[in-house]
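Visitor: Have a look at this one.
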Amino acid sequence: MAYSTETRVFPIDPNTPDHESIRIAADLIRQGKLVAFPTETVYGLGANALDAEAIDRIYRAKRRPASDPVIAHISDMAQLEQLAHRIPSNAYELAAAFWPGALTLVLQRAPHVPQNIATGLQTVAVRMPAHPVAQALIQAAGVPIAAPSANTFTHPSATTAEHVLLDLRDHVDLILDGGQTQIGLESTVLDLTSETPLVLRPGGVLLDDLKLIIPDVKMIERYTNEDEPTSAPGQMLKHYSPKAEVTLFTGPLYSVLIAIRQMCLTYQEQGRRVGLLLAEEDCHHLGDVGVVFSLGKRADLKTISHNLFVGLRELDAQQVDVILTRDFGRTGLGAALWDRLVRAAEGHVIKVR
Ligand code: TXA
Ligand code: MG
């Protein structure tokens, strides 16, 4: 049965959320309803993590296959022990270093936690978000909150309340509108149940920073194969995709700029509307062709990340048919940006020599 409701939106101060809005939102969570809320990474679509029926509602609202597990969000360490068992000591070290923050830990799931949170796996993914609204909501609800990114499945993640509303209107009971999220990319997902700690998704917390605590951490292979970025298109789940078709370019600066210009002109000759999603410096070279969205200065990967999903959605809103973009290296936040861009491009990567 489809879950339909009238969506309310409460504006909320991101730093000092008002008690009344939080109380109403927390009541809804305890009643098994859905509340979208800001975190420091992206907006989450929240439900009581201990209520299997409420979790089910998340999958239906997102139109997400029941094979993609959901992160449980906590506001204190006691809740970690409510969700996971046989917690390894490095989890506590990582929590001390990075929580609250953009790190998600995959651990052994405690037996009473609904299995649909992890699509039947024996594990559970847990994160303590830093955003004051997220913290206040989890605390007031008194239960951990299961929350995937608050977008329709395969759309770019939502970094503003408007994005949530565009995707999920009438499928979520309440949206807490705390403005645009700061980081703009999702958390780093780290599996601590494998033999060596494994990054399943690069994100807000960087690999080099994880190495300071767990030197043996590895990135899942599909992110480390430099030569063949599209070697595993089957594995490249269509994800974060705007409506427009995305092509990602990588290679030496000037060759890439020339290749982008050429492709842009070819598309335009075919009568297709072209969007360019690029760093500010690249826009100076290509600003005369296509509809341009500037992500910020190339060296400032924090700003680029902050703007990425806004840019993908904005170019869609401008009804471009294709989006041409360029990578930001693979180090630091470049790894997470690469992941999101490859997926937005559904593996359509052009390596320019
Ligand atoms: O920053 C974030 O992580 C945001 C905010 C709302 O916290 N959430 C988010 O959730 O991005 P979602 O559902 O869009 O992505 C969760 C990722 C997926 O790649 C999922 O496969 C993985 O975490 N994941 C969740 N539970 C897992 C588990 N038990 N084992 C392995 N991977 C898991
Ligand atoms: Mg998501």
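The values are calculated or read from the model by the stated rules, or taken from the named source; none is laboratory data. Just so we're clear, the structure is a prediction, and the values are computed from it rather than from any experiment. For neighbour counting, all protein chains shown are included, and Cβ atoms are generated from backbone atoms with ideal geometry for every residue, glycine included.
Visitor: Keeping to the stretch 204-253, report how many residues are among the polar types (S, T, N, Q), in contact with a strand residue (DSSP E or B) (Cβ under 6 Å, 6 or more places away or on another chain) and modelled with pLDDT under 90.
Guide: Of the residues in the stretch 204-253, the ones among the polar types (S, T, N, Q) are 224-225, 230-231, 235, 241, 247, 250.
This time we only want the ones that are in contact with a strand residue (DSSP E or B) (Cβ under 6 Å, 6 or more places away or on another chain), so: 230, 247, 250.
Now drop any that are not modelled with pLDDT under 90, which leaves 230.
Counting residues in the stretch 204-253 that are among the polar types (S, T, N, Q), in contact with a strand residue (DSSP E or B) (Cβ under 6 Å, 6 or more places away or on another chain) and modelled with pLDDT under 90 gives 1.
Visitor: Which one is nearest to ligand 1 (Cβ to nearest atom), of the residues in the stretch 154-172 that are among the acidic types (Asp, Glu) and surrounded by fewer than 22 Cβ atoms within 10 Å (Cβ to Cβ)? Full working, then the answer.
Guide: Step one: list which residues in the stretch 154-172 are among the acidic types (Asp, Glu), which gives 162, 167, 170.
Now drop any that are not surrounded by fewer than 22 Cβ atoms within 10 Å (Cβ to Cβ), which leaves 162, 170.
Numbers: Glu162: 17, Asp170: 20 Å.
Residue satisfying both the conditions and the ranking: Glu162.
Visitor: In the stretch 341-353, what residues are at pLDDT below 95 and of a type in the set (Lys, Arg)? Show your work before the answer.
Guide: Let us first name the residues in the stretch 341-353 that are at pLDDT below 95, namely 342-348, 353.
Result: Arg343, Arg353.
Visitor: Could you please give the count of residues in the stretch 73-112 that are acidic (Asp, Glu) and part of a loop (DSSP other than H, G, I, E, B)?
Guide: Initial filter on the stretch 73-112 (acidic (Asp, Glu)): 76, 81, 93.
Okay, now just the ones that are also part of a loop (DSSP other than H, G, I, E, B), so 76.
Selection size over the stretch 73-112: 1.
Visitor: A further question follows. Looking only at the stretch 134-151, filter to residues that are part of a loop (DSSP other than H, G, I, E, B) and over 16 Å from the mean Cα position of the chain (by Cα); which one of those is farthest from ligand 1 (Cβ to nearest atom)? If you could, list the steps in order and put the result at the bottom.
Guide: To start, the set of residues in the stretch 134-151 that are part of a loop (DSSP other than H, G, I, E, B) comprises 142-144, 147-148, 150-151.
Now restrict to residues that are over 16 Å from the mean Cα position of the chain (by Cα): 142-144.
Working: Gly142: 19, Val143: 16, Pro144: 12 Å.
Once the filter is applied, the top-ranked residue is Gly142.
Visitor: So, in the stretch 170-217, of the ones that are touching a Gly at 6+ places or on another chain (Cβ under 6 Å) and in a loop (DSSP other than H, G, I, E, B), which residue ends up farthest from Arg109 (Cα to Cα)? Give the derivation first.
Guide: Start the filter on the stretch 170-217 by keeping residues that are touching a Gly at 6+ places or on another chain (Cβ under 6 Å), which leaves 183, 185-188, 206.
Now narrow it down to the ones that are in a loop (DSSP other than H, G, I, E, B): 183, 185-187, 206.
Values: Ile183: 28, Leu185: 26, Glu186: 22, Ser187: 19, Leu206: 25 Å.
So the residue we want is Ile183.
Visitor: Right, another one. Within the stretch 1-37, can you find the residues that are under 25 Å from the mean Cα position of the chain (by Cα), loosely packed, with under 14 Cβ neighbours inside 10 Å and not in a loop (DSSP other than H, G, I, E, B)?
Guide: Within the stretch 1-37, Pro11 is the sole residue that qualifies.
Visitor: Moving on to the next point. Keeping to the stretch 110-128, report how many residues are touching a helix residue (DSSP H, G or I) at 6+ places or on another chain (Cβ under 7 Å), within 10 Å of ligand 1 (Cβ to nearest atom) and more than 12 Å from Leu80 (Cβ to Cβ).
Guide: The qualifying residues number 1.
Visitor: What residue, among those in the stretch 97-111 that are without any contact (Cβ under 8 Å) to a residue 60 or more places away in the chain and over 22 Å from the mean Cα position of the chain (by Cα), is surrounded by the fewest Cβ atoms within 10 Å (Cβ to Cβ)?
Guide: Pro111
Visitor: Can you pull out the residues in the stretch 113-133 that are within 16 Å of ligand 2 (Cβ to nearest atom) and not in a strand (DSSP E or B)?
Guide: Ile117, Ala118, Thr119, Pro129 - these are the residues of the stretch 113-133 that are within 16 Å of ligand 2 (Cβ to nearest atom) and not in a strand (DSSP E or B).
Visitor: Another one. Working only within the stretch 176-202, note down all residues that are over 17 Å from Trp99 (Cα atoms) and either acidic (Asp, Glu) or away from ligand 2 (no atom under 16 Å from the Cβ) (or both). Reasoning before the result, please.
Guide: Keep residues of the stretch 176-202 that are over 17 Å from Trp99 (Cα atoms), which gives 176-181, 184, 193-198, 200-201.
Correct list: Leu176, Asp177, Gly178, Gly179, Gln180, Thr193, Ser194, Glu195, Thr196, Pro197, Leu198.
Visitor: Next up: Anything in the stretch 269-299 that is at pLDDT below 95 and within 20 Å of Asp321 (Cα to Cα)? List them, or say none.
Guide: Passing the criteria: Cys283, Leu286, Gly287, Asp288, Val289, Gly290, Val291.
Visitor: Before we move on, is Glu40 within 12 Å of ligand 1 (Cβ to nearest atom), in contact (Cβ under 8 Å) with a residue 12 or more places away in the chain and under 20 Å from Leu176 (Cα atoms)? Before the answer, list the steps.
Guide: Values: within 12 Å of ligand 1 (Cβ to nearest atom): yes; in contact (Cβ under 8 Å) with a residue 12 or more places away in the chain: yes; under 20 Å from Leu176 (Cα atoms): yes.
Criteria met by Glu40.
Visitor: Just to be sure, is Leu94 surrounded by fewer than 24 Cβ atoms within 10 Å (Cβ to Cβ), away from ligand 1 (no atom under 14 Å from the Cβ) and closer than 30 Å to Ala344 by Cβ?
Guide: Numbers: surrounded by fewer than 24 Cβ atoms within 10 Å (Cβ to Cβ): yes; away from ligand 1 (no atom under 14 Å from the Cβ): yes; closer than 30 Å to Ala344 by Cβ: yes.
Considered against the rule, which asks whether it is surrounded by fewer than 24 Cβ atoms within 10 Å (Cβ to Cβ), away from ligand 1 (no atom under 14 Å from the Cβ) and closer than 30 Å to Ala344 by Cβ, Leu94 comes out as yes.
Visitor: Scan the stretch 142-153 for residues that are surrounded by fewer than 24 Cβ atoms within 10 Å (Cβ to Cβ) and more than 9 Å from ligand 2 (Cβ to nearest atom) and report the count.
Guide: 3
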